[in-house]
Every structure is written in structure tokens, then in C-alpha cells.
Amino acid sequence: MSFLKKRWQIFDHDQLLAISLAAELNISPITSQILINRNIKSAKDGYTFLNPRLDSLSRPFDIPNMKKAIDRILEAKQKGEKVTVFGDYDVDGVTGTSIMLESLKKLGIPCDYYIPHRYNEGYGMNRFAIEKIHKEGSKIVLTVDCGISNYDEIEFAGSLGIDVIITDHHNIPEKLPKAYSIVNPKMIAGDHESKQLSGAGVAFKFAWALFSIAGVPMSELKDLLDLVALGTISDVVPLTHENRTLTIFGLKKIEEKKRIGLNALINAARINGSIGTREIGFGIGPRLNAAGRLKDASLSVELLTTNDIDKANEISLSLCRINIERQDIGSDISKQANDSLGDNPGLKKLIFAKGQNWHPGVIGIVAGRIAENYNRPTILVGINDGFCRGSARSIENFDIYNLLLSAKDLFIDFGGHKDAAGFEIKEEDLDELEKRLHANIEGSLDLTDISPKIKIDSEIGPQDMNMKLALELASLKPFGTGNPSPVFVKKGVSVLDLKRVGSDKRHLKARFSEGTNSIDIIGFGLGKFADNFDKTSKYDIVHTMDINEWQGYESVQLGLIDARISEI
């Protein structure tokens with residue numbers, strides 16, 4: 001058993017295909033095998049993956065109903081009609097809202113935006129918001145990252161003379177709302193790269209279509225790519241195909257430092273160096289998200305769209321403070337939730353926990369952590385005065401949306417996708433919901449299939465420990481869902497030196513010997529396992545391989561993930 005008590009799963013190797021791809025792409029067989037592990041099995045697909053280009057993106061009009069939606073927006077421009085962008089309160093929603101606002105403003109279209117309050121209004125459209133938008137004179141509501149499940153609300157908007165154009169990326173419900181136009185890539189027939197777009201990605205395709213018909217230079221469109229990258233990474237959609245291309249060029253746009261608000265937030269968060277998926281996922285994204293979780297998501301939209309440096313600095317500091325508050329609330333909920341699980345929660349197929357006054361803006365984050373910790377689908381429900389909001393987070397190869405769909409008759413509101421979902425429900429229906437979900441998951445989830453595991457790309461030897469391979473691996477970035485950081489295993493190494501490091505001794509720094517070679521490695525958060533090693537045994541170690549930059553000098557750096565006594 002490994003130190004982390006996880007199963008190690010090494011990908012099956014196709015040596016002939018790996019050698020063939022390596023020769024055609026001029027890369028090492030190790031890197032070509034990693035591509036195969038990511039389901040890239042032809043030289044054409046490999047070349048596209050390694051050499052992404054914006055002109056390889058599919059056309060926006062591949063998405064059904066796009067032309068009809070664009071024509072209505074341009075009609076609004078001609079008539080001087082006001083358009084209200086209705087967004088979601090997470091990072092994907094606020095970046096998509098920002099994309100739409102900047103696009104409409106470039107065309108001189110009168111516009112405003114509305115993002116519901118997570119706690120007071122909940123997810124998606126609502127009658128209160130529609131009435132307010134109507135009173136303020138909008139003729140069109142353009143949704144971002146929401147709307148596909150708002151059948152009744154959209155019908156109400158239509159009764160007030162408002163045309164609703166939906167742009168969304170969530171699963172298509174059985175009954176489509178009667179909107180003026182529905183722009184959702186999941187409506188594309190058959191396989192298509194756009195089906196995995198984030199809400200911000202769909203907004204970008206909408207802006208692309210709008211600019212192409214209106215005659216706006218495509219250079220203006222590229223200025224929106226930084227927002228697309230923020231939304232795409234933060235929404236944890238697969239970083240493959242179009243999402244990979246949009247993220248790569250979006251990260252390059254971020255490096256240009258042209259967006260005043262984003263630069264102010266990076267500085268306030270004290271993020272140094274280049275910006276990648278980790279910096280966004282753990283630094284920028286949570287701060288943008290914090291506004292919608294605890295206060296008002298409009299703060300994040302204002303930050304991303306402002307040209308006022310003083311305003312940007314003020315909002316950035318505020319978002320950092322709100323994020324600290326969010327972390328404190330999350331820690332409290334996490335403790336309560338874990339305490340309520342009882343003994344051996346890992347024996348259950350579904351983790352379901354509920355608590356009084358759990359903040360609806362934070363339970364999703366906590367659910368995600370619990371799901372990751374126990375490798376079980378997790379649902380947390382916050383109960384507030386008899387009214388409940390729930391957040392669900394899934395694990396690999398399990399569709400949490402479909403599980404919740406089996407109890408849809410109990411929900412006041414419900415939406416999401418296979419990895420995450422949210423709902424509203426009456427307190428008196430909670431016990432029935434829990435009972436049904438536990439029963440329904442029985443036939444669809446096998447505990448032996450979901451025991452925690454580490455997927456390993458390849459075994460490598462001392463001859464592979466070089467900068468050439470490290471640079472090839474770096475070319476596979478950005479890493480994330482669908483394209484994880486490559487993981488390797490070394491077998492039969494011996495301990496030369498070992499110590500805990502860091503101010504709190506949480507990390508492990510080690511030197512192993514592999515034949516006549518020595519290996520330096522750092523294990524972040526693994527300091528507690530220092531006493532598990534001894535110098536008389538041999539070990540198999542699982543690790544990553546990266547490039548460390550220090551004072552202008554680059555070297556290969558290994559990151560320890562797990563270890564176990566070697567069977568060699």
C-alpha cells in the first residue's frame with residue numbers, strides 16, 4: 001500500500017504507436033506516449049495539440065441559432081434598443097458578462113448588466129430581476145452561463161415584451177425555454193470541439209460572430225482572450241481542443257498586462273512571475289469568485305471592465321478581504337460537515353451532509369474538497385429558515401447531474417452538468433431527497449471502481465532525467481482537467497537523505513539513489529511521511545517533472561506525489 005493509500009494505475013503502453021508518433025512529431029517516445037494517454041493518437045492531432053492556432057478554432061456559426069441571435073442584437077443597434085446582459089455570479093459568469101459588455105459597447109449598443117445575488121435570488125433568472133430589467137427599459141436580455149433551465153422566467157419575460165437570447169453551456173433540459181434564440185454548443189449535432197466550451201467561451205464565440213457581421217476588426221476580438229482564459233480555467237472544463245487553444249492565447253494576453261483591473265488584482269494578491277492555470281485556479285479565480293459567494297458579483301465585473309486604476313486598486317483590495325472571509329466560513333462549514341459524517345464515510349457511495357445556516361456561496365467549495373478527499377460524489381445542503389440550497393460535486397467517471405435528475409420533481413430549481421450541480425429544495429423534502437439519491441446511486445456506482453488512485457503516464461529511468469524531456473513536457477501545458485500534469489514512476493530507489501522543510505515543516509525534501517545516479521525531489525505537504533522512510537529499504541516513487549527557475553538558472557525539478565515499499 002502506498003503512503004497515501006491510493007492505487008497506482010499505469011496507463012497501458014502502445015510502444016509501436018508511441019515510436020511512430022515520436023518520429024513524426026520529432027519528440028521523445030515518452031512524450032508521445034503521454035499524448036496517447038490523452039487520447040491523441042494521430043500525428044495530425046498531435047501536431048494540432050503541440051502547435052495550437054487561433055485560426056484552427058471552429059467558426060462560431062457552427063453553434064445553432066447563432067445567426068438569429070446576432071441579427072436581433074444588430075437590430076437593437078439600429079433601433080437604439082437597450083440590451084441587458086444577464087450573467088451568473090461565478091468566475092465563468094462574470095468573465096462572460098464582461099466579454100458581452102465590452103463587445104456590445106464596441107458597437108455602440110446601449111447596454112447594462114444584471115447578476116443575481118447568490119443568497120437572495122439564487123442561480124439563473126428570476127421574476128424580480130426581470131421586472132427590474134423591464135422597468136429600466138431593456139428590450140433584450142442576453143444571458144451568459146445561465147438561462148437554459150429558466151422556462152417559466154423566460155416565458156414571463158416574453159409576456160413583458162422582452163426578447164431573451166440565451167447563451168449557455170450547461171446540459172440541455174428535456175423542455176427548452178421559449179426564448180428568442182438559444183445559443184448553446186451542446187445543441188450541436190454529433191461530436192464537435194465547441195461542446196466543451198465554458199460560458200465565457202460561448203460568450204467569446206458570440207462576440208466573434210457579432211464582430212464578423214458588424215465588420216469589427218478581429219484584433220478587437222483578441223483583446224477578450226484574457227477573460228476567456230480566466231473563465232475557462234476557473235470553470236474547470238477540459239483543457240483540450242478549443243479550450244486549450246483559447247487558454248494558451250488567453251494566458252499570453254494576460255502577460256501583456258493590458259487589462260487594468262486584472263493587473264491590480266494580480267498585484268493585490270501578490271502573485272509574482274508568469275500567470276498559469278495554477279495562479280488562476282488558486283489565486284485569481286477564488287478572489288473573483290469571492291464577491292459572488294459572499295457579497296455582490298458586480299464587484300468582479302466592475303473590476304474586469306474598468307479603466308480607472310484607483311477604482312481597480314480599491315476593488316482588488318476589497319476582493320482580497322472578502323476572500324479571506326470566505327476561507328474562514330469555509331473552514332467552519334468543512335469542520336461541521338466532516339463531523340457530521342460519522343465513522344468511515346468512505347464506505348458510503350454518496351456523501352450527503354446538511355447543516356443549519358451553511359452559507360450557500362461557500363458550500364460548493366467545501367463539497368468539492370470533501371469529494372476529493374474521500375473520492376466520493378458529495379452533496380452539501382445549507383438550511384436557512386426552511387429554505388435549502390444544495391451544491392453537488394462529482395468524481396471522475398460519475399455523472400452527478402444525472403443522479404440529481406432522478407429526483408428532479410423534488411426541486412424548486414435545479415441545474416448543472418456532470419461534474420457539478422446546484423439546486424433549491426424545501427426543507428421538508430430533504431429526507432426524501434437523501435433517501436432517493438442513496439437508493440439510486442446503488443446500481444450506478446461500484447466502490448471497487450472508485451477507490452482513490454493515481455494515474456501514472458510512464459515509468460522512466462535516469463537516462464530520461466534531462467532538460468530536453470522537461471522542455472517537451474512543458475510544451476504540453478496548460479495542465480488541468482482533461483490534460484493533467486504528466487506523472488511518472490521510478491522503481492527500486494534508495495534513500496540517501498531526507499528532511500522536513502518549510503516554516504511549519506509540512507514539506508519533504510529528499511535525495512534518492514537510482515543506480516549510480518542521485519535524485520533530488522520535493523514533496524509539498526508530505527512532511528508527515530518523513531518517518532515512513534528508512535535507509536535499509538528500496539522504494540517506488542511517483543512524481544512529476546518540471547523546470548525550476550532560480551536567479552536565471554533553469555534545472556529539472558521533481559515533485560514527489562506518493563511512495564511505497566518496492567517489490568523489486
message: I'd like the residue in the range 353-392 that is over 19 Å from Leu437 (Cα atoms), at pLDDT below 95 and of a type in the set (A, V, I, L, M) and, out of all such residues, is surrounded by the fewest Cβ atoms within 10 Å (Cβ to Cβ).
response: Ile365
- prompt: So which residues in the range 35-62 are in contact with a helix residue (DSSP H, G or I) (Cβ under 9 Å, 6 or more places away or on another chain) and either among the acidic types (Asp, Glu) or not in a helix (DSSP H, G or I) (or both), if there are any at all?
  reply: Arg38, Asn39, Ile40, Lys41, Ser42, Asp45, Pro52, Arg53, Leu57, Ser58, Arg59, Asp62
field: Residue match in the range 342-351 (condition: more than 30 Å from Ala439 (Cα to Cα), touching a residue at least 40 places away in the same chain (Cβ under 8 Å) and out of contact with any Gly (no Cβ under 8 Å at 6 or more places or on another chain))
entry: no
query: Where in the range 151-255 are there helices (runs of 4 or more DSSP H), lying fully within it, with 2 or more residues that are assigned by TED's automatic domain parsing to the domain that holds Ala129, in contact (Cβ under 8 Å) with a residue 60 or more places away in the chain and more than 27 Å from Thr84 (Cβ to Cβ)?
result: 241-255
statement: Per the filter on the range 466-510, residues outside any helix (DSSP H, G or I) and among the aliphatic types (A, V, I, L, M) are Leu476, Val487, Val489, Val493, Val495, Leu496, Leu498, Val501, Leu508, Ala510
message: Regarding the range 76-84, can at least one residue be identified that is in a helix (DSSP H, G or I) and either hydrophobic (A, V, I, L, M, F, W, C) or crowded, with 23+ Cβ neighbours inside 10 Å (or both)?
response: yes
message: Tell me whether the range 307-315 contains one or more residues that are within 23 Å of Asp92 (Cα to Cα), at pLDDT below 95 and surrounded by 17 or more Cβ atoms within 10 Å (Cβ to Cβ).
response: no
- request: Scan the range 85-103 for residues that are buried (at least 24 other Cβ atoms within 10 Å of the Cβ) and among the hydrophobic types (A, V, I, L, M, F, W, C) and jot them down.
  value: Val85, Phe86, Val91, Val94, Ile99, Met100
- prompt: Tally time: how many residues in the range 65-75 are buried (at least 17 other Cβ atoms within 10 Å of the Cβ) and not β-branched (Val, Ile, Thr)?
  reply: 4
- line: Given the conditions (1) closer than 23 Å to Glu396 by Cβ; (2) without any contact (Cβ under 8 Å) to a residue 24 or more places away in the chain, every one holds for Gly283 apart from (1)
- prompt: Quick one: how many residues across the range 420-434 are in a helix (DSSP H, G or I) and crowded, with 21+ Cβ neighbours inside 10 Å?
  reply: 1
message: Show me the helices (runs of 4 or more DSSP H) entirely contained within the range 297-394 in which 3 or more residues are over 23 Å from the mean Cα position of the chain (by Cα).
response: 309-340
- request: Being at negative phi, assigned to a strand (DSSP E or B) and outside the structural domain of Ile425 (by TED's automatic domain parsing) narrows it down to one of Ile109, Ile73, Ile130, Ile140, so name that one.
  value: Ile140
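The values are calculated or read from the model by the stated rules, or taken from the named source; none is laboratory data. Predicted model only: the values in this text are computed from it and were never measured. Glycine gets a Cβ as well: all are built from the backbone with ideal geometry, and neighbour counts include every protein chain shown.
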